[in-house]
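Values in this text are rule-based calculations from the coordinates and carry no lab data. Computed from a prediction, not measured in an experiment: that's the story for all the values here. So basically every Cβ, Gly included, is an ideal-geometry build from the backbone, and we count neighbours across all protein chains shown.
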Amino acid sequence: MTAWTDSPPRRFARREWGPLFRTVRGALARDGWRAIPMTIGAVCLTSVFQIVQNTSWGFQPVQNLGSVKAVDPLWLALLRTPLSLFVPALDLPVWGALAQILLVFGISEICVGWWRTLLVGYVATLAGTTYARIGLALGPDHPLGLPVSDRIVNDTGPSAAVVGLAIYVCWRYRAYLTGALVVLAMTGEVLVKDNLAGKEHLAAIAAVMVMCVVRAKWGPRPARIPLGRRPPPGAGVPPGT
């Protein structure tokens with residue numbers, strides 16, 4: 001048992017995921033589902049959109065509220081983007097979107113707070129939406145370009161936000177190898193299946209990496225207690241926080 005406890009894989013796991021795991025476990029043990037109210041709300045909203053858009057009367061209203069296409073005027077796309085994050089993609093199973101939101105949004109809400117989670121998620125989503133327009137302008141012959149057919153692709157769902165949040169949380173908690181694996185996985189996705197969604201994921205990663213660089217260079221020093229979490233009543237705050 002001692003040999004396993006002190007083994008290199010164990011030390012690596014503690015170094016890579018220990019702070020993140022302790023933060024999430026502590027919050028859930030202390031507050032339960034109350035630790036992630038924004039995430040629960042996002043799961044409920046996504047579920048409602050899924051139910052409504054699969055009715056005879058609800059499909060078009062949901063599209064009008066949260067459907068984004070590159071062919072749309074920019075002002076309309078920007079107006080719909082906040083809700084587009086919670087409208088499940090029509091060609092993917094809804095349970096995948098719900099699982100992504102519950103897991104990644106939940107971890108992020110605990111680790112960096114609900115408003116940072118929404119901010120990073122929307123920046124990542126906007127980066128993907130913006131890239132779609134740039135890629136169409138570049139054309140299919142450019143390495144970063146897109147075919148004309150992508151201008152009418154229904155661009156909804158939380159995947160770009162999920163990828164961006166995964167990168168941001170890994171950076172904040174120094175899980176650098178895990179973050180690198182996310183980048184490699186998204187790059188592999190584009191190489192295997194060269195589509196709009198895959199390239200938007202890379203655009204989301206690039207935008208969040210810029211956020212990380214800006215915060216590292218000009219932002220405040222990280223607090224010693226987990227971001228977005230307050231210590232329980234009566235608990236002392238570590239010196240220097």
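Between Ala124, Ala160, Ala185, the residue with the greatest mean-square fluctuation in the GNM of the chain (Cα pairs under 10 Å linked by springs) is Ala185.
If you build the Cα gyration tensor of the chain and take the root of 5 times each eigenvalue, what three semi-axes come out, in whole angstrom, biggest first?
Numbers: eigenvalues 229, 96, 57 Å².
Semi-axes, largest first: 34, 22, 17 Å.
I need the calculated FRET efficiency for the pair Leu144 and Arg22, taking r as the beta carbon distance and R₀ as 30 Å, to the nearest 0.05. So, using R0 = 30 Å, E works out to roughly 0.15. Every pair of different Cα atoms in the range 26-71 enters the Kirkwood calculation, which places the hydrodynamic radius at 12.6 Å. Cross-link partners for Lys69 among the aspartates and glutamates, with Cα-Cα distance under 12 Å and sequence neighbours closer than 8 places in the same chain left out: Asp150, Asp155.
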